[in-house]
Protein chains: 2
Amino acid sequence: MTKVEGSICAVPATETEVVQLAHGGGGRLMNTLIETIIRPAFGNPLLDTHHDGAVFDVDGGKLAFTTDSYVVKPLFFPGGDIGSLAVNGTVNDLAMCGAEALYLSAAFIIEEGFPLEDLRRVVRSMKEAATRAGVSFVTGDTKVVDRGNGDGLFVNTAGVGLARTKTLVSPRAIVPGDAILLSGDIGRHGIAIMAAREGLAFETKIESDCAPLWSPVRRLVEAGIEVHCLRDLTRGGLASAVIEIAEAAGCAMMLDETAIAVQADVRAACELLGLDPLYVANEGRFVAFVPAADGEEALKLLSGDPACPDAALIGHVSGGAGGGVGIRGAYGTSRRLSMFSGEQLPRIC
Amino acid sequence: MTKVEGSICAVPATETEVVQLAHGGGGRLMNTLIETIIRPAFGNPLLDTHHDGAVFDVDGGKLAFTTDSYVVKPLFFPGGDIGSLAVNGTVNDLAMCGAEALYLSAAFIIEEGFPLEDLRRVVRSMKEAATRAGVSFVTGDTKVVDRGNGDGLFVNTAGVGLARTKTLVSPRAIVPGDAILLSGDIGRHGIAIMAAREGLAFETKIESDCAPLWSPVRRLVEAGIEVHCLRDLTRGGLASAVIEIAEAAGCAMMLDETAIAVQADVRAACELLGLDPLYVANEGRFVAFVPAADGEEALKLLSGDPACPDAALIGHVSGGAGGGVGIRGAYGTSRRLSMFSGEQLPRIC
């Protein structure tokens, strides 16, 4: 039996190996679950690209395909809800493949007793988000589970899109020297969820950054910039995304912490909660890896898009094997970023 | 607020409208939920084909796209498990669009505390079923929910396939005179689930009919038969599928009950449980609507496929408006089939 790294996690190990909440947190433990159980069973060249979606040729066209289930709690939060999240999340996973979303599916797992009015509200929100992102729902499914065996509503969306880049967007396309761009300030989605969650002792007016990201990606693609890699900064935040990409690319990377925007109230909330904003989830932010020579132009293009209010050049691929990620802070000192092992914020998407 | 037909259902109406278990049963109540809440919000020509999946043109190719979430209880049952179900269900939804499945996604919602060994078993089963059906998993997602807010494991699969028929397979392609073929005996999946479910007072050796259905559909397509409509007989069984199709086609249909195979032990179990096998779920059976002149040839083709042990010509489209479905029994008497209003067997898929 493959051993899962349970010992480094806050949840105590039980006699038989079981899934822990931390397995869903976007950190090292989730990575281990996927890499030791799921990927070895399903493994194939497309899945092994370690990317947000798969890109493949069909009848001459280059298609992208992705899926995500959404279990966010609460269902409604400042700046969004499970519906807008489910649309933008999947649209963004396609955008991160350099693909324009065409069609979505919507599958609902509803707990007995869930108010129909809430379902209507979620469905309306999905429709609005789909219209904003320029996609339509073409197929779906509805399941109902008995009371006590669900949590109100879970939503799955899958998406099919058309890849618009000439070359495959993938961690493997990254080369030493690449500029790393960040599309905006970080940490808002995770903190908005925490603030909305029952029992939390502080209040903020922080709204989720939840938004569709094809528009800024299209700017890069249409300008002819050879985008090497893209990744939206969901579970695990900016740090986890860059660490994962560095590992998959086999390249070391160096980030400049002073270039990374964090709103003052987000920073204050993070300090209060003992969270590092680098690891807090976002739903409308991404990093882009582009050739060094195109860094400035790419930054200009992103900055011109309403979805990228604080776009910045935050670092570069320093080359060399090993895949480590360093970050240089305000006082010029550097530290190495490591993937957190377990759970930072459960059920934020 | 749109009124949902709650009064005809066993679950008592509450002060605020809520989702009832029966809303997931594949009957009239589920139909109402989808038609009054989901379809009006998402409505578009592709979704409005009222079919198991969507078919659309992409760069000259004709693609099919579908999704289903699986909440079957128990996870493991005679003849299958949630993994094989999740693969075959989506492969079959594509086959019912006349499409050969190419790629699948797999999304897991796992409850905290779920045994990793069970997850391994499900994943292995998915891999085996995918290999058997000739598809691969190219993208996926894993979420974990806290203990008490899930039920072990829910799986969503979406699928992308290539439509192989010259004309669109759809209820709207049905014309008066069409022959209706059934691919095999009915009721085994639903009864196998019931038998496996904790607390049920009888035991049988009935195994689920869970199986991939592209192979028999391909036989029809490759023989050049103009398949008008296809539908797999999942929630709600044969009766609900034909009633739904008749309504969408706007045609009356007549079935011959004596031509519909039901295994003796399935019939006995149905009698014990007060169930009508016509309404019991299957996961490896389908109906095909083909031109009257091709009925016999289509039957021969289906009978030659291992997935269709008891294929039969079970009726025809009698034409006329209204979309009613009649069935003629062993003594020559006919009755009209109606969609059951609520829940027959909850969580069978």
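General remarks:
- Of the residues B:Thr234, B:Val19, B:Ala298, the one whose Cα sits farthest toward the positive end of the charge dipole of chain B, with +1 on the Cβ of Lys and Arg and -1 on the Cβ of Asp and Glu, is B:Ala298.
- Counting only other chain Cβ atoms within 10 Å of each residue's Cβ, the peptide B:34-46 averages 5.
- With its label point defined 7 Å out from Cα along the Cα-to-Cβ axis, B:Arg172 lies at 4.2 nm from the matching points of the other copies, in increasing order.
- The distance linking region B:277-305 with region B:203-272 is 7 Å (Cα centroid to Cα centroid, whole angstrom).
- Within chain B: Cβ-based charge dipole about Cα centre, in debye rounded to nearest 20 (Lys, Arg +1; Asp, Glu -1): 180 debye
- Cross-linked pairs A:Lys62/B:Lys127; A:Lys73/B:Lys143; A:Lys62/A:Lys166: Cα-Cα separations exceed 18 Å for A:Lys62/B:Lys127.
- Remark: mean inter-chain Cβ contacts per residue of A:25-31 equal 1, using a 10 Å Cβ-Cβ cutoff to other protein chain atoms.
- Neighbouring partner chain Cβ atoms per residue of A:121-127, average, 10 Å criterion: 3
- Dipole in debye (nearest 20) - the protein assembly as shown, about Cα centre, beta carbon charges: Lys, Arg +1; Asp, Glu -1: 320 debye
- Largest GNM mean-square fluctuation across A:Leu272, A:Leu181, A:Leu313, computed for chain A with C-alpha springs under 10 Å, falls on A:Leu272.
- Cut-off under 5 Å, modelled amide H: who pairs with B:Asp178 long-range: B:Ala292, B:Val317
- Calculated from backbone phi, Karplus (6.51, -1.76, 1.60) coupling profile of region A:65-81 in Hz, x at Gly/Pro: 8, 8, 8, 8, 9, 10, 10, 4, 9, x, 5, 10, 8, x, x, x, 7
- Between the residues B:Val91, B:Ser334, B:Pro309, the greatest Cα displacement towards the positive end of the dipole of chain B, with unit charges on the Cβ of Lys, Arg, Asp and Glu, is found for B:Pro309.
- With helices as the sole contributors, the protein assembly as shown gives -8000 deg cm²/dmol at 222 nm; each DSSP H run of n ≥ 4 counts as -39500 (n - 2.57), and the sum is divided by every residue.
- Summed over the residues of the protein assembly as shown and divided among them, the accessible surface reaches 35 Å² per residue at a probe radius of 1.4 Å.
- Summary for B:Asp59: label point 7 Å along Cα→Cβ; distances to the equivalent points in the other copies, ascending, 1.2 nm.
- At 7 Å out from Cα toward Cβ: B:Pro291 inter-copy label distances (nm, ascending): 5.7
- For region B:155-164, Karplus couplings with θ = phi - 60° (6.51, -1.76, 1.60), whole Hz, Gly/Pro x: 10, 10, 10, 10, x, 10, x, 9, 5, 10
- Of the residues B:Thr139, A:Ala211, A:Val58, the one whose Cα sits farthest toward the positive end of the charge dipole of the protein assembly as shown, with +1 on the Cβ of Lys and Arg and -1 on the Cβ of Asp and Glu, is A:Val58.
- Note on chain B: GNM, Cα springs under 10 Å; of B:Thr165, B:Thr67, B:Thr32, the largest mean-square fluctuation is that of B:Thr32.
- Dipole magnitude for region B:106-145: about 240 debye, using +1 per Lys or Arg Cβ and -1 per Asp or Glu Cβ, origin at the Cα centre.
- Under 13 Å from A:Lys205, Cα to Cα: aspartates and glutamates that are on another chain or at least 8 residues apart: A:Asp265
- Residue-count net charge about B:Ser183 - beta-carbon cut-off 10 Å; Lys, Arg +1, Asp, Glu -1: -4
- A cut-off of 5 Å between modelled amide H atoms, ignoring neighbours fewer than 5 places along the same chain, links A:Phe114 with B:Val19.
The values are calculated or read from the model by the stated rules, or taken from the named source; none is laboratory data. Because the structure is predicted, anything quoted here is derived from the model rather than measured. Glycine gets a Cβ as well: all are built from the backbone with ideal geometry, and neighbour counts include every protein chain shown. All accessible areas refer to the heavy atoms of the entire protein, side chains included, with ligands and DNA or RNA removed. Shrake-Rupley method; radii C 1.70, N 1.55, O 1.52, S 1.80 Å.
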